[in-house]
1. I want to confirm something. Restricting to the range 79-91 and keeping residues that are more than 15 Å from Pro122 (Cα to Cα), of a type outside the set (Lys, Arg) and not in a helix (DSSP H, G or I), which single residue is farthest from the chain's Cα centre (by Cα)?
2. How many residues does the range 43-62 hold that are of a type in the set (D, E, K, R), surrounded by 12 or more Cβ atoms within 10 Å (Cβ to Cβ) and farther than 13 Å from Ile93 by Cβ?
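Nothing in this text is a laboratory measurement; each read-out follows from the coordinates by a stated rule. Since we're looking at a predicted model, the values are computed, not measured. Note: ideal-geometry Cβ built from the backbone for every residue, glycine included; neighbour counts use all protein chains shown.
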Amino acid sequence: MTSIIHFLCRPRILSKALAASFLFNVATAAIAGDLTVGEYQKYRDEPRIESYLSGVSQGIHYANSLLKLERKPRLYCPPDKLSLNVENVYQMIDATLKSKPTLPKTSSITGIILINLQQTFPCK
């Protein structure tokens, strides 16, 4: 088991694993279509929304980790010890929708999550 972990943690292998995971999450989102503000508001409390938000936030996190690993500019720069969970994502979205009630119902929830992460954890 240890040899597998060492193998996967090599930068090139980890980079490919993160890329594959990110592409899987993006492909899943593309098949399902991006969740809109209107759909989020209508179905917010359904388990599939929690699964969707978890997948999107993991995909964004993996993309950001891959950029960091490749020493490229990241999407956002959270503290090292921070671990976001799906409840944090719900709070971000709900706060945005409360502060911007005129946001079009066709706006992307994925975009809202990414913009919130970039505003909360800007790279300096």
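1. Here is the first cut: in the range 79-91, the residues more than 15 Å from Pro122 (Cα to Cα) are 81, 83-91.
Checking the rest, the ones that are also of a type outside the set (Lys, Arg) come to 83-91.
Checking which are not in a helix (DSSP H, G or I) leaves us with 83-85.
Numbers: Ser83: 12, Leu84: 10, Asn85: 10 Å.
In this case the residue turns out to be Ser83.
2. So the answer is 0.
Residue-wise test of (1) in contact (Cβ under 8 Å) with a residue 12 or more places away in the chain; (2) over 10 Å from the mean Cα position of the chain (by Cα).
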{"site": "Ser54", "(1), (2)": "yes, no"}
{"site": "Lys68", "(1), (2)": "no, yes"}
{"site": "Lys72", "(1), (2)": "no, yes"}
{"site": "Cys77", "(1), (2)": "yes, yes"}
{"site": "Lys100", "(1), (2)": "no, yes"}
{"site": "Thr106", "(1), (2)": "yes, yes"}
{"site": "Ile113", "(1), (2)": "yes, no"}
{"site": "Pro122", "(1), (2)": "yes, yes"}
